[in-house]
Amino acid sequence: MDHQAEFDEIYRLYAADVYRFLLRLCGNEPLAEDILQDTMLRALTDIGQYRGECSMKTWLCTVARNLFLDHCKKAENRNLPLDAVPESPDSECLERKLADKMQALEIHRMLHRLEEPYREIFSLRIFAELSFKEIGAVFGRTENWARVTFFRAKKLLIAMLEQEGVI
């Protein structure tokens, strides 16, 4: 398979997942599309840096996350407001609540109050559908760290929602 065909296959297989991850990370469609394109360009130019220690999807999400963080740093340096709020609930109860738009807005408001890395962990787990092992790799941590952090984030979110009377 030639280099262009290989890249086309990577784009076909992973672009939608990376876009969903970015959209949950930044909450802004045009920005997510821009960072997706930058991610794919970086993948094309830096494919030699992919060592196969994680899945291609995990590597692309890591590249996307780093590009998003670079964007945030640049925006902060320009003193521009960031509208990037990762959102991502878990548990059957929360999924049922998302069906109701008013309650979904309240849940998203609560997610905004969660500190990092909790918001991002939710995005990676729920929206990008990464395994705990893959999430650990994105953060340069262990699979167990990802599991524990996700569990703690879920507990915090549920407690916040209960305190506000949402659930």
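The values are calculated or read from the model by the stated rules, or taken from the named source; none is laboratory data. Quick caveat, the model's predicted, so the values are computed rather than measured. Backbone-built Cβ (ideal geometry, glycine too); neighbour counts: all protein chains shown.
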Quiz item: Given the conditions (1) surrounded by 19 or more Cβ atoms within 10 Å (Cβ to Cβ); (2) within 16 Å of Glu116 (Cα to Cα); (3) not hydrophobic (A, V, I, L, M, F, W, C), which single one is not true for Lys57?
Solution: (2)
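Counting only residues that are closer than 19 Å to Lys74 by Cα and without any contact (Cβ under 8 Å) to a residue 12 or more places away in the chain, which one in segment 24-47 is surrounded by the most Cβ atoms within 10 Å (Cβ to Cβ)? Even if it seems obvious, please write down each step before you answer.
Of segment 24-47, the ones closer than 19 Å to Lys74 by Cα are 25-39, 42.
Applying the additional criterion that residues be without any contact (Cβ under 8 Å) to a residue 12 or more places away in the chain yields 29-30, 34, 37.
Numbers: Glu29: 11, Pro30: 8, Asp34: 15, Gln37: 13.
Ranking the candidates gives Asp34 first.
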Quiz item: How many residues are crowded, with 16+ Cβ neighbours inside 10 Å and either polar (S, T, N, Q) or under 19 Å from Arg125 (Cα atoms) (or both) when one looks only at segment 1-14?
Solution: 1
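Go through Arg42, Arg65 for me and flag whichever is at pLDDT below 90 and over 16 Å from the mean Cα position of the chain (by Cα).
Details: Arg65 fails: over 16 Å from the mean Cα position of the chain (by Cα).
Within the list Arg42, Arg65, the selection yields Arg42.
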Quiz item: In the list Leu13, Leu25, Leu31, which residue meets the criterion of being part of a helix (DSSP H, G or I) and within 13 Å of the chain's Cα centre (by Cα)?
Solution: Leu25
